[in-house]
1. Report which label in (i) 17.3; (ii) 20.7; (iii) 20.2 holds the value of Kirkwood radius over Cα pairs in Å derived from the coordinates of this structure.
2. Taking DSSP loops as anything outside H, G, I, E and B, show the longest stretch in the chain free of GluC sites (Glu not before Pro) there with at most 16 other beta carbons within 10 Å.
3. Apply the Karplus curve 6.51 cos²θ - 1.76 cosθ + 1.60, θ = phi - 60°, to the phi angles in the range 172-177 and return the couplings in whole Hz, x for Gly and Pro.
4. Report for the chain the percent antiparallel among DSSP-assigned beta bridges with both residues inside it, nearest 5.
5. How large a share of the accessible area of the range 54-114, in percent, is made up of carbon and sulfur atoms when the probe is 1.4 Å and the other protein chains stay in place?
6. Which of the residue pairs LYS53/LYS189; LYS69/LYS115; LYS53/LYS168; LYS53/LYS167; LYS17/LYS139 have a Cα-Cα distance greater than 28 Å in the structure shown?
7. Taking only protein heavy atoms into account and a 1.4 Å probe, give the accessible area per residue of the chain in Å².
8. With θ set to phi - 60°, apply the Karplus curve 6.51 cos²θ - 1.76 cosθ + 1.60 along the range 59-64 and write out the HN-Hα couplings as whole Hz, x wherever there is a Gly or Pro.
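The values are calculated or read from the model by the stated rules, or taken from the named source; none is laboratory data. Since the structure is predicted, the reported quantities are computational estimates derived from the model, not experimental observations. Neighbour counts are summed over all protein chains in view; Cβ atoms, including those assigned to glycine, are modelled from backbone coordinates with ideal geometry. Calculation scope for accessible area: heavy atoms of the full protein, side chains included, ligands and nucleic acids excluded. Shrake-Rupley method; radii C 1.70, N 1.55, O 1.52, S 1.80 Å.
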Amino acid sequence: MKCVIYARVSTKREGQKNSLQNQIALAENIAKEYGFTVVERYIDNGISGSSFKNRSEIQRLLADAKRKKFDVVNAKSVSRLGRNTLNSMQLADQLERIPVRLILPEDSYDTDTSKSRLMFNLKAILAEDENAKLSERIKLGLQASAREGNRRVSVPPFGYTVNPTTKKYEVDEVAAPVVREIFRLYQHKRSRTFHYA
């Protein structure tokens, strides 16, 4: 049987390279166990699983599945397919209707042996929930970092410089008068709008 591998990581950070390699190695081992022939690898590298919109490889995989270029999709888990419950369930449904077999070893899911899609659906819900929690943790971390004056961008905002010793923002006295004038004009316009409203 012709098998394809799908793998995805959300960022291109150094630590994610190992995750990508591990996903591919696991899928290749599974294919070998089953005696499948791996004919293609679809890799979405550094792309969030919360949407299909920017994931060219998952879209290409689905298009190739519809053209019946392979019989089996092998991915590590439901969370690698996506972190949006509806999208993940729709993808599984489309593959099943073609029909293409879906194997997700980490979630013990295989359309040939699983009697229902309950486990898949539960894992899809959990993946979306984990994505929301992760997003919230990142947001809170960035807010805490900003309160401490730590920068999270490569170029400081207009009107600031970065102190080379402390790595914290400092007012850029050359640009400061421009920023103050912008703020003054904004306040003036706002007070006039409020006055006539």
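1. Checking each listed value against the structure points to (iii).
2. On the way: sites that count: GLU148, GLU173.
Within the chain, the longest run free of exposed GluC sites (Glu not before Pro) spans 1-147.
3. 8, 5, 6, 8, 4, x
4. Values: 6 of 21 bridges.
Of those bridges, close to 30 percent are antiparallel.
5. 43 percent
6. Values: LYS53/LYS189 40 Å; LYS69/LYS115 26 Å; LYS53/LYS168 37 Å; LYS53/LYS167 37 Å; LYS17/LYS139 24 Å.
Beyond 28 Å: LYS53/LYS189; LYS53/LYS168; LYS53/LYS167.
7. Details: 12790 Å² over 197 residues.
Using a 1.4 Å probe on heavy atoms only, each residue of the chain averages 65 Å².
8. 5, 5, 4, 5, 4, 5
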